[in-house]
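Read through the structure below, which is laid out as structure tokens, and then see the notes.
The values are calculated or read from the model by the stated rules, or taken from the named source; none is laboratory data. Remember, predicted model here, so these are calculated numbers, not experimental data. Using ideal geometry, Cβ is built from the backbone for each residue, glycine included, and neighbour counts are taken over all protein chains shown.
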């Protein structure tokens with residue numbers, strides 16, 4: 001292969017990866033800001049754990065449905081960057097409206113005489129957060145599809161894990177911005193800034209997506225990445241097919257490589273358990289650290305940020321590297337190891353005495369360190385199992401299961417925390433961690449990817465013409 005082509009390909013691949021990282025980090029600015037603001041919303045507006053849990057659950061379920069829908073859309077449409085950029089822009093608008101809601105009191109009577117939220121404001125914020133759940137679901141599917149189109153299959157675990165660190169970068173930075181700076185410095189009464197400032201940054205990020213991304217290597221005159229790889233996953237490059245033929249191949253692969261593929265469904269169930277642990281830490285961390293471990297909001301926000309930035313980023317990168325280096329790209333094996341260790345660390349965090357705050361912080365960070373391995377790798381495994389032709393669709397199914405977990409980590413845990421306390425929340429979360437370990441173990445012998453199987457299916461389709 002010509003060195004100039006390889007150099008140009010490397011430039012565009014890394015440019016795409018970096019822009020996707022920055023763009024997806026901004027999605028977290030206008031999604032996980034709500035979790036950091038929850039103690040302030042409880043204090044200033046009088047929202048309780050059950051109401052906040054309902055918001056988290058509805059947002060998560062709608063997000064999962066949106067990821068599922070947009071997974072199919074992203075695999076079919078040419079302009080994937082448009083879907084992603086528009087989703088980020090609309091999420092920013094929803095956050096601005098939540099921040100402005102107290103100023104609408106004269107029109108809608110959102111606040112009572114004591115300045116607390118009326119039922120009207122609860123419905124208003126809940127509806128906007130539900131809409132935000134759908135627009136947030138327009139972020140991940142284009143990322144998964146674009147990376148499957150730009151990255152060689154043999155490098156996908158390593159490089160998609162690099163991208164996956166954007167989850168932790170975004171969640172960690174917004175925790176520092178909202179928790180340490182806005183609420184820590186200016187108090188709970190400054191909660192509106194937790195929505196305005198992240199929204200402004202996300203709006204700027206949407207412009208980067210619109211104007212910085214390219215949808216495929218062919219759009220800049222480059223071959224598909226597998227043609228540069230020593231592995232040849234597809235029988236023929238997409239450019240040699242008519243639109244009708246490509247659609248027929250996609251429909252058949254969708255049926256055989258996704259819906260009838262037991263590995264995809266095992267990954268989906270595993271993802272549910274992974275996200276219960278992950279969202280228990282990320283969504284409720286600022287509350288259980290203040291209420292159960294008795295830390296102030298500034299310290300709690302820093303701990304959540306450390307869990308994301310230190311634990312999440314390093315854990316994700318090491319998990320991706322170890323998958324390609326030691327497990328021959330069998331991401332599901334790394335997932336099992338990480339899930340076992342994450343569950344053990346979270347159990348230790350829970351059972352530590354209240355006086356051991358330093359150790360509690362260490363084990364919470366370690367819980368995130370290990371849980372972000374399977375959080376990143378389940379999607380990578382699904383992309384490789386479904387192949388690049390149906391990667392976004394397969395990840396849409398995983399998204400449905402992953403964010404259906406918010407029915408547990410959101411509403412159920414909010415009700416449990418209110419009625420029975422945080423000890424019961426931790427016990428249930430640990431039970432889901434153990435279940436996740438058992439489900440991951442079911443696919444230990446699964447192959448690294450489904451490209452060989454897809455080759456045979458594509459060859460058969462073309463032979464039948």
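Would you mention how many residues in the stretch 75-103 are assigned to a helix (DSSP H, G or I) and closer than 26 Å to residue 250 by Cβ?
Residues flagged as assigned to a helix (DSSP H, G or I) and closer than 26 Å to residue 250 by Cβ within the stretch 75-103 amount to 10.
Restricting to the stretch 152-183, name every residue that is surrounded by fewer than 24 Cβ atoms within 10 Å (Cβ to Cβ) and either modelled with pLDDT under 80 or outside any helix (DSSP H, G or I) (or both).
Correct list: 152, 153, 154, 155, 158.
Taking the stated definitions as given, is residue 108 within 21 Å of the chain's Cα centre (by Cα) and surrounded by fewer than 19 Cβ atoms within 10 Å (Cβ to Cβ)?
no
Can you find even one residue in the stretch 269-281 that is modelled with pLDDT of 90 or more, farther than 30 Å from residue 179 by Cβ, assigned to a helix (DSSP H, G or I) and out of contact with any strand residue (DSSP E or B) (no Cβ under 9 Å at 6 or more places or on another chain)?
Yes - at least one qualifying residue is present in the stretch 269-281.
So residue 301 clears everything in (1) at pLDDT below 90; (2) surrounded by fewer than 16 Cβ atoms within 10 Å (Cβ to Cβ); (3) within 25 Å of the chain's Cα centre (by Cα) except one condition, right? Which one?
(2)
Scanning for something within 27 Å of residue 452 (Cα to Cα) and surrounded by fewer than 16 Cβ atoms within 10 Å (Cβ to Cβ), does the stretch 207-218 turn up at least one residue?
Within the stretch 207-218, one or more residues are within 27 Å of residue 452 (Cα to Cα) and surrounded by fewer than 16 Cβ atoms within 10 Å (Cβ to Cβ).
Identify the residue in the stretch 428-451 that is in a helix (DSSP H, G or I) and without any contact (Cβ under 8 Å) to a residue 24 or more places away in the chain and, among all such residues, is surrounded by the most Cβ atoms within 10 Å (Cβ to Cβ).
Let us first name the residues in the stretch 428-451 that are in a helix (DSSP H, G or I), namely 428-441, 451.
Checking the rest, the ones that are also without any contact (Cβ under 8 Å) to a residue 24 or more places away in the chain come to 428, 431, 438.
Numbers: 428: 17, 431: 13, 438: 12.
Ranking the candidates gives 428 first.
It is to be established whether one or more residues within the stretch 400-418 are in a loop (DSSP other than H, G, I, E, B) and within 25 Å of the chain's Cα centre (by Cα). Lay out the reasoning, then the answer.
Narrowing the stretch 400-418 to residues in a loop (DSSP other than H, G, I, E, B): 405.
From what is left, the residues that are within 25 Å of the chain's Cα centre (by Cα) are 405.
For the stretch 400-418, residues in a loop (DSSP other than H, G, I, E, B) and within 25 Å of the chain's Cα centre (by Cα): present.
It is to be established whether one or more residues within the stretch 361-376 are modelled with pLDDT under 90, surrounded by 24 or more Cβ atoms within 10 Å (Cβ to Cβ) and under 19 Å from residue 148 (Cβ atoms).
Yes - at least one qualifying residue is present in the stretch 361-376.
Filter the stretch 305-348 for residues that are modelled with pLDDT of 95 or more and farther than 19 Å from residue 445 by Cα; which is farthest from the chain's Cα centre (by Cα)?
Here the answer is 348.
Looking for something in contact (Cβ under 8 Å) with a residue 40 or more places away in the chain, surrounded by fewer than 24 Cβ atoms within 10 Å (Cβ to Cβ), assigned to a loop (DSSP other than H, G, I, E, B) and in contact with a strand residue (DSSP E or B) (Cβ under 8 Å, 6 or more places away or on another chain) - is there at least one such residue anywhere in the stretch 48-58?
No: the stretch 48-58 contains no residue that is in contact (Cβ under 8 Å) with a residue 40 or more places away in the chain, surrounded by fewer than 24 Cβ atoms within 10 Å (Cβ to Cβ), assigned to a loop (DSSP other than H, G, I, E, B) and in contact with a strand residue (DSSP E or B) (Cβ under 8 Å, 6 or more places away or on another chain).
Do we find that residue 295 is crowded, with 17+ Cβ neighbours inside 10 Å and under 19 Å from residue 380 (Cα atoms) in this structure?
For residue 295, the condition - crowded, with 17+ Cβ neighbours inside 10 Å and under 19 Å from residue 380 (Cα atoms) - is not met.
If we scan the stretch 235-248, do we find a residue that is surrounded by 19 or more Cβ atoms within 10 Å (Cβ to Cβ), at pLDDT 80 or above and more than 15 Å from residue 148 (Cβ to Cβ)?
Checking the stretch 235-248: not a single residue is surrounded by 19 or more Cβ atoms within 10 Å (Cβ to Cβ), at pLDDT 80 or above and more than 15 Å from residue 148 (Cβ to Cβ).
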